[in-house]
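The values are calculated or read from the model by the stated rules, or taken from the named source; none is laboratory data. Please read these numbers as outputs of a predicted model, since none were measured by experiment. FYI the Cβ positions are ideal-geometry reconstructions off the backbone, even for glycines, and counts take in every protein chain you see.
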Amino acid sequence: MDSAFYWEVFLETGAPEMYLYYQEAKRSEEAYVSDSTGACTARNCI
């Protein structure tokens, strides 16, 4: 599940565990790096 889901549930319920789930999901989203990130073209490859 994405962080937005946990945030919405937290806002609706005020459940502290949903905030913790939100924080963890947010960290994992920020840590994820796409395979296409940093892909080079023929002109800018090192």
Going through the range 21-37 in order, the residues found to be surrounded by fewer than 10 Cβ atoms within 10 Å (Cβ to Cβ) and at pLDDT 60 or above are GLU30, ALA31, TYR32
Every pair of residues 6+ apart whose Cβ atoms lie under 7 Å, when the first sits in the range 1-18 and is under 20 Å from GLU30 (Cβ atoms) and aliphatic (A, V, I, L, M) while the second is at pLDDT below 95 and surrounded by 12 or more Cβ atoms within 10 Å (Cβ to Cβ): MET1/ALA25
